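For reference, the structure is listed below as structure tokens.
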Amino acid sequence: MTITLHFEPQDRVQRPTIHGKQHGTVRTTSWESTSGMGCYYIQWDGSSVARPYSDTDVADQQITLTETTGDV
């Protein structure tokens, strides 16, 4: 069985909000053997807490890797 996770630790991610895109950092990832889903702890910019998101949450909230523009 192949396990594929959407993100890796330290990945920068984003999700759409009514105020524009919210950005965050993936802190840890794991795979839940009982549900067969990935679990991603994401700390959104401006927050001091990383919260868990399942594969379903990632899809429902349209969480994606942050697009890089090459700017530093």
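The values are calculated or read from the model by the stated rules, or taken from the named source; none is laboratory data. Note that the structure is predicted; figures quoted are calculated from it, not measured. Ideal geometry is used to build each Cβ from the backbone, glycine not excepted, and the neighbour counts take in all protein chains shown. Just so you know, the surface numbers come from the protein's heavy atoms only, side chains and all, with ligands and any DNA or RNA stripped out. Shrake-Rupley method; radii C 1.70, N 1.55, O 1.52, S 1.80 Å.
Using the per-residue mean of other Cβ atoms lying within 10 Å as a proxy for protection, in what order, highest first, do the peptides 12-18, 45-51 fall?
Working: 12-18: 14.0, 45-51: 10.1.
Result, highest mean Cβ count within 10 Å first: 12-18, 45-51.
State, as an integer percentage, the relative contact order of the chain based on alpha-carbon contacts under 8 Å between residues 6 or more apart.
Dividing the mean separation by the residue count of the chain yields 29 percent.
With the dipole of the chain worked out from charges on the C-beta (+1 for Lys and Arg, -1 for Asp and Glu) around the Cα centre, which of PHE7, GLY38, GLY20 lies farthest toward the positive end?
Going by the charge dipole, the pick is GLY20.
Provide the per residue accessible area, probe 1.4 Å, for the chain, rounded to a whole number of square angstrom. Before the final figure, lay out each step's value.
On the way: 5090 Å² over 72 residues.
Ligands and nucleic acids excluded, the figure is 71 Å² per residue.
For the chain, what is the mean residue ellipticity at 222 nm derived from helices alone (per DSSP H run of n ≥ 4: -39500 (n - 2.57); sum divided by total residues; nearest 500 deg cm²/dmol)?
-2000 deg cm²/dmol
Full extension from THR64 to GLU32: what is 0.36 nm times the residue separation minus their Cα-Cα distance, to one decimal in nm? Display every interim value, and only then the final one.
Numbers: separation 32, 0.36 × 32 = 11.52 nm, distance 2.02 nm.
Between THR64 and GLU32, full extension yields an extra 9.5 nm.
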